[in-house]
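What follows draws every value from the coordinates through simple rules; no lab data is involved. None of these values were measured; they are calculated from a predicted model. No Cβ is skipped: glycine too gets one built from the backbone with ideal geometry, and neighbour counts run over all protein chains shown.
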Amino acid sequence: MNYWWLVSGGIGLITAFIHLISGQSGVIKPFLLCDLAAMPRAVLHACWHMITVILFASAIALLYLGVNPISSGSNVLALFIGGQFVAYAIVFLVFSFIGNWSRKLMRLPQWTLLLPIGVLAIVGSLAL
């Protein structure tokens, strides 16, 4: 068992459900109701659900790897997923800091879940 990957996958699964449930009503619904042309609105909605698929698939992969850490390529896959999630966190941090608002670190708090998923996946890879 690789507990680093299990915890990373667990946080990932929680994040995926938050994205699916809370994000749908708090983020996507307002976008879909705003005055956008049909094509950009459809692309935005599709991209939102692409992220939903990525979050769930990554969480499931990390949970599987956590239980089966010896499988072929597990280390590379976990490093890849971890690197992606660190990059996602950096994107949210950058947009938090370039925004013209107060409390920059908590304006786009997604990084607080994305960064631990990535770091734990990477640490789990280095622990092998």
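Results, tabulated for the structure shown:
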quantity	calculated
Exposure proxy ranking, count of Cβ atoms within 10 Å, fewest first, for His49, His19	His49, His19
Whole-Hz ³J(HN,Hα) from phi, Karplus 6.51 cos²θ - 1.76 cosθ + 1.60, for segment 12-19, glycine and proline x	x, 5, 4, 4, 4, 5, 4, 4
Tilt relative to the chain, helix 111-126 - C-alpha long axis, 0 to 90 degrees, to 10	20
Prolate/oblate/rounded call for segment 23-77, Cα gyration tensor, a/c under 1.5 rounded	prolate
Theoretical FRET efficiency, 1/(1+(r/R0)^6), r = Cβ-Cβ of Val76 and Arg103, R0 30 Å, to 0.05	0.20
Length-normalised contact order for the chain - Cα pairs under 8 Å, 6+ apart - percent	39
Helix-only mean residue ellipticity at 222 nm for the chain, each DSSP H run of n ≥ 4 adding -39500 (n - 2.57), per residue, nearest 500	-25000 deg cm²/dmol
Over the chain - Rg/Rh using Cα atoms and the Kirkwood inverse-distance radius	1.04
Per-residue HN-Hα couplings for segment 78-94 [Karplus 6.51, -1.76, 1.60; θ = phi - 60°; Hz; x = Gly/Pro]	5, 5, 4, 4, x, x, 4, 5, 5, 5, 4, 4, 4, 4, 5, 5, 4
Per-pair calculated FRET efficiency, R0 = 41 Å: Met39 and Thr112 via Cβ, rounded to 0.05	0.80
In degrees, nearest ten, helix 38-67 long axis to first principal axis of the chain (Cα)	20
Extension gain (nm, one decimal) between Ile51 and Leu32, 0.36 nm per residue minus Cα-Cα	5.2 nm
